[in-house]
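Here's the structure we're looking at; comments come further down.
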Amino acid sequence: MVVPLLVNGASEAWFGYRDQRATLNSRLHAEAISAAGKIAAFLDDITDQLQWTVQLPWRDGMEERHRFDVLRLMHQVPAVVEVMLVDGDGVERLHVSRVDPDVVDSRIDRANDPAVLGARSDRIWYGPVTLHEAPSPI
Amino acid sequence: MALLRRIVFLLAALMASHSEGLAQSGKVYRVGLVIAGAPDTGILGAGMVNNFTKRGYVVDKNIVFERRAAQGNVDRLPGLIDELVAAHVDVIITSGYPAALAAKQRAGDIPVVASQTGDPVATHLVESLAHPGGNITGVSEVATELSAKRLALLKETIPTVHSVAVLWNADDLGMTLRYQAAEAEAKRSGMLIVPLGVHAPDDFDTAFSEMTKNPPDAIMMVTDSLTILNRKRVMQYADEHRLPAIYEFAFLVHDGGLMSYGPDVDAVNDRAAGLADRIVKGAKPADLPLELPTRFQFAINLKTAKAIGLKIPESILLQADDVIE
């Protein structure tokens, strides 16, 4: 009589465990979807603001104006930590950062950066979501 | 939406690996809070309590705070940590490097959440940001990089600035690293740093005579409990000698300092509370990566600017988050 009881107990435990896992998984999935929706909305908002900033292409002689546009953007969107502007040739002309001193006119060639290539072909490019030494995605 | 799918996948993976216990308990959590400075300031204030109540804790029902302040005497810190250990706290939250160091040395198995420590890897509080190891985690700082940013902001505010006197607590390794970062940036950008390391309140008099003998163009005050305790004297000196000065936290600008740039302290303290919340619910500090600040605050006091005859450029006003008029 012991063996059937054991089997019954074991199978109940097994199915009980599976049910709990299923409930937990669907709950986690729902939470992930909800959080993902919030992140997507957050990114859309930043995208809108960025588009205003780069409405005009880089023009020599307008350095101050471009910098002011970026400063205004960063004032409106505290979540943006740094902004890099490249000109029509993909050359970096301005790098404004909350963390490091600004770099003006570095002329670093970024024409082959994935970001620049992606933005040119698709108008907008999202970098990979990475965990950079911290749990908050960059 | 490929992006949305990618985010969902990453989040689901993250959440699965961080599954927290869903069980509620009737336990009363005991949170120790310790700083080198004055009582009722910083993390000992009401802001930290709010960080917990908004996470569902109710004071005196399921959470109790044990607060300790060394009042400027860092030698008291090890004893204060011992008191928290004896009070059986579930987690210790510290602010500032000296308190974190004392906690690392004396807290034993009690988990520690450290904030505002300067660079926690360079000061050997943790092994790495991603895997702290040990019993300490917390909110790291980009503080050494911010030293360079502070100098750059001084330069943008006063384009003619060349020599900058840097006041810092030379006994605090975290603060010394910030001074060194300022030195490095000054070399890079052609400015001159006048080092004025202090160890005790009396040293400020020496620092002031140095500055009177060889007047700098500006002052940078590396901010820790020692310099904070003596801030009024620094601000008075700066005012009397019409010297621009940059600090690290907005409350100093509200107090009369000219400018400050640093991480948003309220956001940092909120993240610290978040980490403590996870720890008391079972997470191990060794597994919790340190977080980096993502919000920064630039404060300017226009009254002080006017008093020292300084006109603030438009680009600086545009960058300011907090303007006192």
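Structure data summary
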{"item": "Intensity falloff of segment A:54-132 expressed as log10 I(q)/I(0), Debye formula with alpha-carbon point scatterers, at q = 0.22, 0.23 Å⁻¹", "result": "-1.22, -1.31"}
{"item": "Anisotropy class of chain B from Cα gyration tensor, a/c 1.5 cut", "result": "prolate"}
{"item": "Other-chain or far-sequence residues with amide H under 5 Å of residue B:297's (modelled H)", "result": "B:262, B:264"}
{"item": "Segment B:243-283-segment A:70-113 distance, computed between alpha-carbon centres (Å)", "result": "26"}
{"item": "Taking A:109, B:224 and counting other C-beta atoms within 10 Å, the order from fewest to most", "result": "A:109, B:224"}
{"item": "Label-point separation, residue A:105 to residue B:27 (7 Å along Cα→Cβ), nm", "result": "6.1"}
{"item": "Segment A:1-107: radius of gyration over Cα atoms, expressed as a fraction of 2.2 N^0.38 Å", "result": "2.08"}
{"item": "For segment B:158-271: rounded, prolate or oblate by the Cα gyration tensor [a/c cutoff 1.5]", "result": "rounded"}
{"item": "Cleavage-rule hits (trypsin sites (Lys or Arg not before Pro)) in segment A:8-101: DSSP loop, at most 13 neighbouring Cβ within 10 angstrom", "result": "A:59"}
{"item": "Förster radius 45 Å - calculated FRET efficiency between residue A:35 and residue B:236 (Cβ-Cβ, nearest 0.05)", "result": "0.35"}
{"item": "Amide proton proximity set for residue A:125, modelled H, under 5 Å, gap of 5+", "result": "none"}
{"item": "Alpha-carbon gyration tensor eigenvalues x 5, square-rooted, for segment B:30-178, Å", "result": "30, 17, 15"}
{"item": "Links that overshoot a 25 Å alpha carbon limit, given the list B:149/B:284; B:149/B:303; A:38/B:61; B:149/B:187; B:232/B:306", "result": "B:149/B:284; A:38/B:61"}
{"item": "Convex hull of the protein assembly as shown built on C-alpha atoms - directionally averaged projected area, nm²", "result": "27.0"}
{"item": "Cα gyration tensor shape for segment B:111-212, rounded if a/c is under 1.5, else prolate or oblate", "result": "oblate"}
{"item": "Principal semi-axes in Å for segment B:34-82 [√(5λ), Cα gyration tensor, largest first]", "result": "24, 12, 6"}
{"item": "Computed FRET value (nearest 0.05) for residue B:209 with residue B:160, which takes r as the C-beta separation and R₀ as 22 Å", "result": "0.35"}
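Readers should treat all values here as calculations from the given coordinates under stated rules, not as data from a laboratory. A quick note: this is a predicted structure, and the numbers were derived from the prediction, not measured. So basically every Cβ, Gly included, is an ideal-geometry build from the backbone, and we count neighbours across all protein chains shown.
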